[in-house]
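Everything below concerns the one structure shown next.
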Amino acid sequence: METLHLLSQGMIHIIADGYLTMLVIGLIVGMAVSVMPGLGIVMGIVLALPFTYSMAVEPSIIMLTAIYMSGTYAGCFTAILYRIPGEPNDIPMLWDGYNMSRNGQTAEALGWALISAFIGGIVSTAFMVGLAIPLGKLALQFSTADYFAAVFLGLTSVVSLAGASIVNAFIGLFIGLLISTVGVDSIYGSERFTFDSPILVNGIPYITVLVGMYGFGEVLTRIGRKPINFSKVGEPIRTNTAFPSLKQIWDIRETLLRSTVLGTLLGIVPGAGATVTSFIAYGIEKQYSKRRDLLGSGLPEGIVAPQIGSTASVAGHMVPLLTLGIPGSGATAIILAAFLLHGVQPGPLLLSTAQSKLTVYTIFASMFMAVVGMCLLSFLWIRVVVRVLSIPPAVLAAVVIMFSLLGTYANRNSISDMMLIVVFGALGYAFEKFKFPISPLVLGVVLGPLAESSFMQTMISHDNDFTAFFNGPIRGTFMALSLAALLFPVVRNSLSRRKSSMSQTVSD
Amino acid sequence: MPHLGYIREVDPDPMSAPPQHEAPIAPAHDADPERQTVRRPLRTRLLAGAPYIITVVAAVLLLTKARQFEFDRVPGRIGPDAWPKLVLLLTIMAGVWGILKTFLFDDASSNGVGKQADLTASDAGQPDVAYIDEPEIHPARVWAALAGTLAYLWILHYLGFFISTFIFLAFVIYTGGYRRFTWLFFISLFGSLFFMTIFVRVVYVSLPIGIEPFSTVSLALLAILNL
């Protein structure tokens with residue numbers, strides 16, 4: 001009851017204080033960036049960040065969360081209509097979404113995507129919001145060692161889910177942790193890695209790292225590549241939406257249930273963003289769906305599973321951020337940065353006073369409204385949204401660079417920060433070129449100070465005893481999960497190799 | 001997860017699409033048995049190993065630096081150098097691991113150098129989306145954009161925001177391959193005015209006005225735009 005009461009208060013807060021405008025702007029921006037291949041959800045949030053500097057914390061986070069939410073959905077439009085996936089998580093849409101469209105069922109495919117986004121968004125948000133208070137209470141019992149273990153789990157999960165090359169992910173993570181140590185240390189006041197440069201004495205703001213790596217670095221990567229042919233965008237298309245009947249929805253209830261549970265639970269795992277969730281949801285359908293043999297030829301299940309998985313992951317990421325203060329993805333790392341820029345530290349203490357609790361539940365309420373809003377907007381404006389593809393890539397690159405530079409400049413009115421953007425942009429480009437994942441670095445930078453302070457405090461209070469990180473139920477569990485997360489890629493890779501060698505033997 | 005850069009159109013034919021034949025969550029290179037048997041040339045392996053070598057060298061240098069941190073040491077208590085040293089040691093270990101994988105085991109999964117683009121997606125954390133990255137074909141454009149941005153930051157102080165941004169936008173759009181010059185001119189002009197207005201009016205940032213005589217132009221524009 002308390003949750004419902006707080007949610008209703010939050011909704012009133014949004015409507016009465018005019019935050020609805022920020023919500024709608026966020027939804028539109030999220031749709032626009034996710035439709036455009038190469039722009040991406042994270043970059044959309046990065047580019048919107050400077051506009052939040054002069055806002056209060058609630059509208060800022062509402063806008064950024066709306067970008068995140070609608071960003072996991074709108075990319076399916078271009079996947080279904082033009083065979084161009086706006087976001088990596090929309091790739092599975094090509095297999096069944098575009099094939100439905102090719103079979104003359106465009107409106108039905110768009111309808112299934114909309115219904116899936118709606119169900120995935122609402123159910124996972126409701127589930128995770130219900131977990132917020134228990135999670136917050138649990139987090140209040142955390143000692144510094146528990147916090148370190150929780151952060152450690154976050155970092156190891158990101159590394160384990162970063163792809164085939166775990167070495168590259170580790171190196172990225174360690175570089176991120178090192179970047180976070182630059183400047184004056186908070187316990188001893190000692191200067192570290194400043195090289196007598198006044199620019200580095202106050203540390204490297206992680207906004208600079210985020211914007212540089214995700215914004216400027218991405219532009220550098222794109223500018224060197226062959227542009228995509230968007231010639232089909234000008235062709236006349238039907239963009240109306242046909243909703244499935246209740247019977248049709250009931251017929252695929254197992255898919256709906258599986259994907260919603262999977263999306264929500266995977267969303268909690270740090271590093272398992274919309275893309276991983278979307279692919280795993282599709283993979284599970286491929287194995288367990290009644291019509292698995294026909295999957296890929298244009299079945300609703302092939303749209304429903306990845307779309308629900310993508311949208312459900314948003315709530316899964318947002319609630320740990322708000323209740324524990326631990327971001328699990330690039331997008332939530334930037335939202336954390338937006339909180340900190342406003343002097344608010346997300347975490348269990350955010351649920352301790354009535355005022356801050358209202359802030360949290362206003363954001364939760366906005367997530368429900370964002371789901372409804374993005375479905376309404378998409379129903380009305382698909383044709384307008386996909387026109388974003390007409391913007392020349394060169395113009396888009398210039399706009400992104402300007403937003404990246406000015407957004408960082410606006411933070412501290414410092415040209416030096418703009419120089420750092422160029423440095424991190426070049427690093428981001430090098431990471432892309434040599435296939436080092438960026439997310440571990442970014443999370444290392446964001447979580448580095450928390451990891452270090454909890455590590456130092458634990459070591460000082462336990463007389464440098466390393467076992468302090470293991471001998472407790474909470475930290476012991478987190479550490480065991482961390483170990484499992486580290487072993488996961490090793491086991492996965494060896495199983496895959498064994499499978500491929502076995503299949504090769506069979507074919508021989 | 002972030003972007004994946006340009007995304008190429010994918011063959012939607014269900015008979016050729018990956019989900020028809022294999023679980024989509026399997027990393028793309030795992031189904032490539034040749035990966036373990038075909039060794040890349042030494043030059044390619046050197047290029048592939050360069051990031052790890054640089055990482056190890058940089059980490060060793062920083063470790064030396066970390067030993068010189070100045071602070072009041074308390075007996076029996078770890079200092080501000082403990083955490084960075086721990087991270088640096090782990091970095092060195094990871095770098096050595098990468099070097100061994102590249103040179104001894106010739107594991108092309110460590111990075112994509114010398115390997116087809118089909119490794120890129122899974123390495124970036126996107127399982128089985130092997131075909132979505134386009135290869136780089138204009139490296140000169142990348143360097144031009146980097147140099148142009150540095151030049152922009154340098155001239156910003158002298159020419160002021162409006163004039164520098166106009167030149168910079170035109171440069172980046174041209175570098176990006178856009179060749180409709182009339183549009184290029186107007187996009188740059190209105191783009192710089194747009195950014196000036198947005199960042200002064202909405203974000204409340206004071207932008208550089210430059211030195212004389214450029215500052216006169218900047219001030220006149222600010223007055224005209226009522227900013």
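Every number in this text was worked out from the coordinates using simple rules, so none of it is lab data. Everything quoted here is computed from the prediction, not taken from an experiment. Here Cβ is always computed from backbone atoms with ideal geometry, including for glycine, and neighbour counts include all displayed protein chains.
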Quickly work out the residue B:147-to-residue B:54 label distance, labels modelled 7 Å from Cα along the C-beta direction, and quote it in nm with one decimal.
1.9
What does a probe at residue A:54 reach in segment B:192-225, counting residues whose amide N is under 11 Å from the point 7 Å along Cα→Cβ?
B:197-206
Label point distance in nm, residue A:466-residue A:413, each placed 7 Å from Cα along Cα→Cβ:
4.9
Ratio of alpha-carbon Rg to the 2.2 N^0.38 Å globular estimate for the protein assembly as shown, to two decimals, please.
0.92
Degrees between helix A:166-179 axis and first principal axis of chain A (Cα, 0 to 90, nearest 10):
50
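If R₀ is 45 angstrom, what is the calculated FRET efficiency for the pair residue A:487 and residue A:291, using the beta carbon separation as r and rounding to 0.05? Write out the running numbers ahead of the final one.
On the way: r = 35 Å, r/R0 = 0.77.
That gives a FRET efficiency of 0.80.
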For residue A:12 and residue B:225, what does the FRET efficiency come to when R0 = 60 Å and r is the distance between their Cβ atoms, rounded to the nearest 0.05?
0.95
Stick to the Cα atoms of segment B:139-224, pair each with every other, and give me the Kirkwood hydrodynamic radius in Å at one decimal.
13.4
What nm distance separates the two modelled labels at residue A:499 and residue B:201, each placed 7 Å from Cα along Cα→Cβ?
5.6
For a distance above 15 Å, tell me the whole-number percent of Cα pairs in segment A:281-384 that qualify.
72
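Plugging the Kirkwood radius over Cα pairs into Stokes-Einstein for segment A:1-145, at a temperature of 25 °C and a viscosity of 0.890 mPa s, what D comes out in µm²/s?
Working: Rh = 17.0 Å.
In µm²/s, the coefficient rounds to 144.
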Could you work out the longest stretch of chain A that avoids the trypsin sites (Lys or Arg not before Pro) located in DSSP loops with at most 16 other Cβ atoms within 10 Å?
A:1-237
Relative to the first principal axis of the alpha-carbon coordinates of chain A, what is the inclination of helix A:57-71, with its axis defined by its Cα atoms, in degrees from 0 to 90 and to the nearest 10?
40
Please give the helix A:439-461 orientation as an angle from the longest Cα principal axis of chain A, in degrees from 0 to 90, rounded to the nearest 10.
40
What is the Rg over Rh value, at two decimals, for segment A:81-219, using alpha-carbon atoms and the Kirkwood definition of Rh?
1.11
For segment B:55-100 and segment B:159-209, write down the distance between their C-alpha centroids in whole Å.
44
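Per DSSP H run of n ≥ 4, the term is -39500 (n - 2.57); total these for chain A, divide by its residue number, and report the mean residue ellipticity at 222 nm rounded to 500 deg cm²/dmol. Spell out each step's value before the answer.
Details: 22 runs with 359 residues, N = 508.
So the calculated ellipticity at 222 nm is -23500 deg cm²/dmol.
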